[in-house]
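Note sheet for the following structure.
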Amino acid sequence: MRLFVRLSALAILLTGCGVWAEDGSAAWLRYAPVEAAKYEGVPSRIVVLGNSVVERAAGAELAKGLSAMLARPFTWSVQPFQFGAASTNAILLGSYRSLGDHTMDEASSSMPGTDRYSIRFSRQRGSHRVLIAGSSPQAELYGAFHLLEEIGADRVIPEHETQVASAAIRWTDEWDNLDGTIERGYAGPSFFFKDGHVLQDLTRASDYARLLSSVGINGCNVNNVNADLDLLSSEHLREYARIADAFRPWGVKLALSVDLTAPQIVGGLPSFDPLDPTVVAWWKQKVDEIYTLIPDFGGFTVKADSEGRLGPSKYGRSPADAANVLARALAPHGGVVLYRGFVYNNHLDWRDPKADRARAGVDNFVRFDGQFDSNVVIQIKEGPIDFQAREPVSPLFAALRQTNMAIELQTSQEYTGQQRHMIWLPSMWKWVLDTDLQADNRHTPVKQIVEGRSFPRPDGKSRLGGFISVTNAGAEANWLHHPMAMANLYGFGKLAWNPDEPLSSIIDTWTRLTWGNDPRVDQVIDALQLHSWQVYEGYTGPNGMGTLTNILGYHFGPGIESAERNGWGQWFRGEKDGIGMDRTAAGTGFAQQYPPSLAAKYDSIESCPENLLLFFHHVPYDHRLRSGKTLVQSIYDTHYLSARAAGEYVPQWMTLKGLVDDDRYQLVLRLFTFQAGHAIVWRDAIDDWFYWRSQIADVHGRVGNHSGRIEAETMATEGYQPVEVTPWETASGGKAVVCRLNSGCSLSAVITQPAGRYNVAVQYFDLWRGISNYQLLVNGKGVSRWAGDDTLPPAQFDPHLDGQTSTRFTVQDVWLKPGDTLMLKGTPDLRDDLNRSSKEAASPGAIEAHTLEQRDYRELAPVDYIQLGPNGAMTPQE
Ligand code: GCU
């Protein structure tokens, strides 16, 4: 005990300084010490009334968290409830019934399966009591986490508070593959699987379940929706049971994605036709097998007839036929089927003006409305395309009336900066959830639809519904790579629990728990996060045109025309006469898939919200927006403004030095610096492209004229060779230079700018597979050197010089005067086979126009341009 008290004192001392090393693994469950005097009345004795594994976890968690935060020892034990002295001066945790409240337990709830808890704090004649009552062991655990959260965020414990979950299904979908990779994973490999098996050590899986549970998430589907085909073999099932064991104390149910061909692939049957009785029997037997191993198994997620996955259409069967077979096998055990609404044709004819991928959800599902069993839920992506920076909400939410629905949101930032850019997605999700679809001219916001309240069952009860987050937690210590990205997972849990919780309260609690209660820290971080969606949208694809990322590659940097003229249907139709998909009645008719009042609003260019304008309309570049600006000018301005706003993150963050621990401070600083540079890559790519397409100049003269920019291909060189970059808009002037000499190459320019202190930004390309080295010199004297060693997300694809790999390094505070020679030296990263490399280096003309020859070099020290800017800004923005 003495040791404990001493350690706590040391912790307090360190908090006083505000700086101790952290790797981010604790996320928002750091339990950092708070002002203990404020919580003197909180009793140190924790009595847990139930003896389930979940309730025991809750007792232990309370003791752990309170001891750490309040710097005094808390003890917990399991005991039956007794009135009188034994129940005073204690924190009591139990079911409503065990605490003498029969009105609120599960049996009396009007929405069975919906968790609720209450916290009561009472003081009587010098004795204190905290009651945490729940409708289920999980709900008690949520109550325990909530009490810990209130104290961690330095809030007053309310005398009485009751919280009710919005919907029964609150899951994450991890897209982990059995080989240990993660589809759209940007934070290291899987912590569930490796080499075709479940990992032996599942400590991290259990830690993850604890994090999920702390924000009310009650299910986790651990494998990719593009499921491994042999996933359901008996050998594998026994292994998944160990994951379920790791999850169980935290009340998180294990779920699995399945491929509908399993009866054939795993079961050896001649077909997987859902109406074939042998197939039906196979699923039943397989599900029974699962439940003997995992009695609390959550259910299946199904991706079928989508992006190359086979499905019921192969046999002329419907999604309802397929989903119901699985659902009937699961029903006796209480399991559910999440059948994904993401079914579309990825071989659309782009020449057909009526073709429209956005229509697919409604076109493919509405005719089966009412045919799905009561434990089937259609899992619908928030928008009709695919997690863009902004889309309208999917009209399917209002088109299905007799079917259970859940919303699929994406915490993995696939199209939104891949956890290298900060974007707080709950801002977007709230906008989606609050969107009123006005079905039957009633108030029917998306949140109420997925809570199952808008279109109740014939017996008047709410439908089964819920919230799913596609998440990509990986083996990197801090789970999602960017410390700020964890606010997305946290926010998902909070909105899934209560979609009406204000964004400001969600982010403020997250910031306090993750970074501490210092008001200076909270103010800066809250403000940055709250604006980050609009900033990201602003320097990528505003006005509803789609993110404009490279959709054929890894969806990270700009790649504008990759969306056009192919079968994927993410077209925005950027033509000579204007831009945007005509989805009105005269066009594809997509707008008419919404209930009439919303359809009319979207259909008319006058009433269509401008942030969705190009999603619904094909608009001339000189169309005047409500601001009075032309569309194209507004696009230029928005990009300049937003890239500048992203550049501001760095100086804002720097005000927090010393107020947060140094490890996380440095990591965020690096990421914000990267984002500041990459936002400029986005800005220039999109503005240059619009200028080229519209032939309308920027009235402010910025686009295409970059003062202080020196193009690498115009500099004097030793050894560097120009290459064309594809797509052209992702490199300044469409060109870069590469070096194929073992000894390195150099670029130099004579300064003509007035004498002064400058920040010198070097825009170069950093490929995952190699580490080139760079050095900046003035008049032959080195001022900085660095390695191109970033690990940008696209590890698995062939790396190119383009908007995905373009990055910058800024050398601060360089004294320059006219006549000085600025030189950049680049040294490529060679493979071990130097002989071959040096032979080729002797005939350097061999390089391809836009791809790198990777057989002999890992990375050719590529450079795009050098930008001089005034000293002060973190990275020069002209
Ligand atoms: C996107 C994503 C894929 C994923 C798919 C899905 O298209 O890029 O990686 O498989 O969505 O949600 O099924």
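Tell me the residue from Ala406, Ala398 that is outside the structural domain of Asn224 (by TED's automatic domain parsing), within 16 Å of the ligand (Cβ to nearest atom) and surrounded by 23 or more Cβ atoms within 10 Å (Cβ to Cβ), please.
It is Ala406.
Could you please let me know if Ser234 is in contact with a helix residue (DSSP H, G or I) (Cβ under 9 Å, 6 or more places away or on another chain), surrounded by fewer than 24 Cβ atoms within 10 Å (Cβ to Cβ) and in contact (Cβ under 8 Å) with a residue 12 or more places away in the chain?
Against the criterion (in contact with a helix residue (DSSP H, G or I) (Cβ under 9 Å, 6 or more places away or on another chain), surrounded by fewer than 24 Cβ atoms within 10 Å (Cβ to Cβ) and in contact (Cβ under 8 Å) with a residue 12 or more places away in the chain), Ser234 qualifies.
Among the listed residues Asp201, Asp173, which satisfies the condition of being surrounded by fewer than 19 Cβ atoms within 10 Å (Cβ to Cβ) and either out of contact with any Phe, Trp or Tyr (no Cβ under 8 Å at 6 or more places or on another chain) or under 22 Å from Pro295 (Cα atoms) (or both)?
Asp201
Quick check on my filter: what residues within the range 623-669 are of a type outside the set (D, E, K, R), in contact with an Asp or Glu (Cβ under 6 Å, 6 or more places away or on another chain) and buried (at least 18 other Cβ atoms within 10 Å of the Cβ)?
Within the range 623-669, Thr630, Tyr636, His639 qualify.
Kindly evaluate Leu269 against the criterion of being over 27 Å from Ile217 (Cβ atoms), in the same structural domain as Lys314 (by TED's automatic domain parsing), touching a residue at least 24 places away in the same chain (Cβ under 8 Å) and not in a helix (DSSP H, G or I).
no
Just to be sure before I move on: is Gln371 touching a residue at least 40 places away in the same chain (Cβ under 8 Å), within 16 Å of the ligand (Cβ to nearest atom) and either closer than 30 Å to Thr540 by Cα or outside any helix (DSSP H, G or I) (or both) in the structure I sent?
No; evaluated as a whole, the condition is false for this residue.
Table: residues versus (1) within 16 Å of the ligand (Cβ to nearest atom); (2) of a type in the set (Gly, Ala, Ser).
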position: Asp154; (1), (2): no, no
position: Ala168; (1), (2): no, yes
position: Asp176; (1), (2): yes, no
position: Asp179; (1), (2): yes, no
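Output the residue which, of all residues in the range 553-604 that are closer than 17 Å to Glu391 by Cα and within 16 Å of the ligand (Cβ to nearest atom), is surrounded by the fewest Cβ atoms within 10 Å (Cβ to Cβ).
Here the residue is Trp571.
So in the range 703-733, with the set limited to residues that are under 31 Å from the mean Cα position of the chain (by Cα) and among the small types (Gly, Ala, Ser), which one is farthest from Ala749 (Cα to Cα)?
Filtering first and then ranking leaves Ala731.
Within the set of pairs 6+ apart or on separate chains, which have a first residue in the range 150-161 that is closer than 16 Å to Pro519 by Cα, a second that is basic (Lys, Arg), and C-beta atoms under 7 Å apart?
Close Cβ pairs satisfying both conditions: Gly152/Arg512; Ala153/Arg512; Asp154/Arg512.
Examine the range 229-250 for a residue that is within 16 Å of the ligand (Cβ to nearest atom) and assigned by TED's automatic domain parsing to the domain that holds Pro319, and state whether such a residue exists.
Yes, the range 229-250 contains at least one residue that is within 16 Å of the ligand (Cβ to nearest atom) and assigned by TED's automatic domain parsing to the domain that holds Pro319.
Okay, residues lined up against (1) farther than 24 Å from Tyr240 by Cβ; (2) under 29 Å from the mean Cα position of the chain (by Cα); (3) not small (Gly, Ala, Ser):
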site: Ser271; (1), (2), (3): yes, no, no
site: Pro277; (1), (2), (3): yes, no, yes
site: Trp282; (1), (2), (3): no, no, yes
site: Gln285; (1), (2), (3): no, no, yes
site: Glu289; (1), (2), (3): no, no, yes
site: Asp296; (1), (2), (3): no, yes, yes
site: Ser313; (1), (2), (3): yes, no, no
site: Pro319; (1), (2), (3): yes, yes, yes
site: Gly334; (1), (2), (3): no, no, no
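Within the range 409-424, can you find the residues that are within 16 Å of the ligand (Cβ to nearest atom) and more than 30 Å from Ala320 (Cα to Cα)?
Answer for the range 409-424, where residues must be within 16 Å of the ligand (Cβ to nearest atom) and more than 30 Å from Ala320 (Cα to Cα): Gln413, Tyr415, Thr416, Gly417, Gln418, Gln419.
Quick one: is Arg512 more than 19 Å from the chain's Cα centre (by Cα), modelled with pLDDT of 95 or more and crowded, with 22+ Cβ neighbours inside 10 Å?
yes
The values are calculated or read from the model by the stated rules, or taken from the named source; none is laboratory data. A quick note: this is a predicted structure, and the numbers were derived from the prediction, not measured. Note that each Cβ is placed from the backbone with ideal geometry, even for glycine, and that neighbours are counted across all protein chains shown.
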